[in-house]
Amino acid sequence: MSATLSRRIGLFQAITINMSQMCGIGPFVTIPLMVAAFGGPQAVIGWLAGALLALVDGLVWAELGASLPGSGGSYVYLREAFQYRTGRLMPFLFVWTAMLFIPLIMSTGVVGFVQYLAYLWPQMTKAQGDLVGLAVIVLVVLLLWRRVESIAKLTTVMWGVMLAAVGAVMLASYTHFSPSRAFTWPAHAIDVTHGHFWLGFAAGLTIGIYDYLGYNTSAYLGSEIKDPGRAMPRSIIYSILGIMVIYLLLQIGVLGALDWHQMLDPNSIASTSVASAVLQATWGRTAADVVTVLILVTAFASVLTGLLGGSRVPFDAARDGVFFRSYSRLHRTHEFPTLGLLTMGAVTAVGFLIGRHTNLNTLINLLTTVMVIVQAFAQVLAVTVLRRRQPDLRRPYLMWRYPLPSVVAAVGWVVIYGYADRNAPGYHPIEWSLAWVAAGGAAYLIWSRFERTWPFGPREIREQFRHPETAPGEPVDA
């Protein structure tokens, strides 16, 4: 059987996949973290900063995804851009790091799932929580063991559940809304001349971009998206704008329904299950229980869609001989990458246990630092490299005000990377990220020697998506 993927996912399904992955459990567990980072209701600044970084970085993804619609997202973009000087090094390093940071993102969703489950099951022990989280991961893998079109339908349903959960929390918040609680900021809350503000801003930006991560999930499914030249940029930009509105309404509503000081108290429900606390304070315990169940389904959906996209990352790389060839095999009946799904599931389980026995902030900083080096920085550069190396590549979408969004995105990622060690004292995320990339470089040297490719053989230039007879496409309205 030919190892090919079919284009079966439409624009609406692509948007729901992105939004389900973006929202998930994230805001329900990070609202207290954002308030703590800024020290008050001015935490809304963090959500705006995260949205801005997501939008400018999303424009990078939009141009690359529309012009290079292959399975694996960044793998394809880095392969096409950097093959001229470093052969297969950059795509290999991306797959190496993605096999770590993608499941780490999913593991935060499982940590949040167990955290909210504790509201319904207050007697749950640490060991029982660990077993529940591992069982959730196994169930996700079993549900993904099927054809992609049936999964797309399932994610559409779960997207509806996500909207119901968020809508219920917002409705409860605004029916008991106090403007004085939401908009009374502490003295010197936005004193930009003080270093404390910028430390809080860096922490808030890190938390914010973590909550927006997932806007690129459709790009990992590039070879399964219908009409990717138009659908890809729209799915990315529309999902970012939609989630931004949801997050702002949610954060402001929660701040107006609860005293923000409760979110800083480790003994308060608001510090661990803030959405449940809002419902309990406004509509009572029964309503809080119902919405908590919806939040659990939302968390489950985010893990499901994340592993759906992540399992495709090593597929093209393995098929091209840049990663272990066993990752190129598709299931005989359901046509999905089997080993990629199993590996991502296993690493998610390990990340979940790490998060359970450290804290969510540490896990967020570990995954972002690993992601930033190879994916974020290199991908920003890839847009410029491809415009110069492949000027006649068909580009159905061109980045707005190029190269300004690329520059702003790079600055944002620098801030996040530089702040990581300060935000996770004792765990040294920067050192771990550098060590992981260095290990990937060593692994690549061994791999390239075996494959007899650069630097132990000739560079192979393969411009898979280049069509010299086609003039560059006109930008589409996103």
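For the reader, a short list of remarks on this structure follows.
- Scanning region 79-129 for residues that are among the charged types (D, E, K, R) and in contact with a Ser or Thr (Cβ under 7 Å, 6 or more places away or on another chain) gives a single hit, ARG88.
- Residues located in region 363-383, provided they are out of contact with any Leu (no Cβ under 8 Å at 6 or more places or on another chain) and open to solvent by 20 Å² or more (accessible area, probe 1.4 Å): PHE377, LEU381
- Residue check for VAL414: under 26 Å from ALA81 (Cα atoms), modelled with pLDDT of 90 or more, open to solvent by 70 Å² or more (accessible area, probe 1.4 Å) and hydrophobic (A, V, I, L, M, F, W, C): yes
- Per the conditions (1) closer than 30 Å to HIS196 by Cβ; (2) surrounded by fewer than 24 Cβ atoms within 10 Å (Cβ to Cβ); (3) touching a Gly at 6+ places or on another chain (Cβ under 6 Å), the sole criterion not satisfied by MET34 is (2).
- Residues of region 87-112 satisfying the condition of being open to solvent by 30 Å² or more (accessible area, probe 1.4 Å) and either of a type outside the set (D, E, K, R) or in contact with a strand residue (DSSP E or B) (Cβ under 8 Å, 6 or more places away or on another chain) (or both): LEU89, MET90, TRP96, LEU100
- Evaluated against (1) surrounded by 12 or more Cβ atoms within 10 Å (Cβ to Cβ); (2) at pLDDT 85 or above; (3) in a helix (DSSP H, G or I), ILE446 falls short on exactly one condition, (1).
- Residue satisfying all of: in region 301-326; buried (at least 22 other Cβ atoms within 10 Å of the Cβ) and among the aromatic types (Phe, Trp, Tyr); nearest to the chain's Cα centre (by Cα) among these: PHE315
- Pick from region 334-362, criterion small (Gly, Ala, Ser) and within 30 Å of ILE31 (Cβ to Cβ), ranking: most open to solvent (accessible area, probe 1.4 Å): ALA349
- ALA43 open to solvent by 10 Å² or more (accessible area, probe 1.4 Å) and more than 19 Å from PHE101 (Cβ to Cβ): no
- Within region 417-432, the set of residues being open to solvent by 70 Å² or more (accessible area, probe 1.4 Å), free of Cβ contacts under 8 Å to residues at least 40 places away in the same chain and under 23 Å from THR97 (Cβ atoms) comprises HIS428, GLU431.
- Scope region 222-248; condition of a type in the set (Val, Ile, Thr) and either within 18 Å of MET170 (Cα to Cα) or open to solvent by 10 Å² or more (accessible area, probe 1.4 Å) (or both); matching residues: ILE237, ILE243, VAL245, ILE246
- Residues that are in a helix (DSSP H, G or I), open to solvent by 50 Å² or more (accessible area, probe 1.4 Å) and of a type in the set (A, V, I, L, M, F, W, C), drawn from region 172-200: PHE183, TRP198, LEU199
- Filter result for ALA275 (under 18 Å from LEU33 (Cβ atoms), in contact with a Phe, Trp or Tyr (Cβ under 7 Å, 6 or more places away or on another chain) and touching a residue at least 24 places away in the same chain (Cβ under 8 Å)): yes
- None of VAL374, VAL380, VAL322 is closer than 30 Å to PHE113 by Cβ and either of a type outside the set (Ser, Thr, Tyr) or free of Cβ contacts under 8 Å to residues at least 24 places away in the same chain (or both) except VAL374.
- Here region 384-406 is the region considered, the condition is being under 21 Å from ARG462 (Cα atoms) and polar (S, T, N, Q), and the residue that is surrounded by the fewest Cβ atoms within 10 Å (Cβ to Cβ) is THR384.
- Looking across region 263-297 at every residue that is assigned to a helix (DSSP H, G or I) and among the polar types (S, T, N, Q), the one that is nearest to GLN115 (Cα to Cα) is identified as THR272.
- Candidates are the residues of region 68-82 that are open to solvent by 10 Å² or more (accessible area, probe 1.4 Å) and of a type outside the set (A, V, I, L, M, F, W, C); the one that is nearest to ILE461 (Cα to Cα) is ARG79.
- Here region 278-300 is the region considered, the condition is being within 24 Å of the chain's Cα centre (by Cα) and over 24 Å from VAL35 (Cβ atoms), and the residue that is least open to solvent (accessible area, probe 1.4 Å) is PHE300.
- Tabulated pairs, region 184-195, first closer than 21 Å to ASP259 by Cβ, second assigned to a loop (DSSP other than H, G, I, E, B) and modelled with pLDDT of 80 or more, C-beta under 9 angstrom, 6+ apart or interchain: THR184/GLY40; TRP185/GLY40; PRO186/GLY39; PRO186/GLY40; ALA189/GLY39; ALA189/GLY40
The values are calculated or read from the model by the stated rules, or taken from the named source; none is laboratory data. Only a predicted model underlies this, so the values are computations on that prediction, with no experimental measurement involved. Note that we place each Cβ from the backbone using ideal geometry, even for glycine, and neighbour counts take in every protein chain shown. Heavy atoms of the whole protein, side chains included, go into the accessibility calculation; ligands, DNA and RNA do not. Shrake-Rupley method; radii C 1.70, N 1.55, O 1.52, S 1.80 Å.
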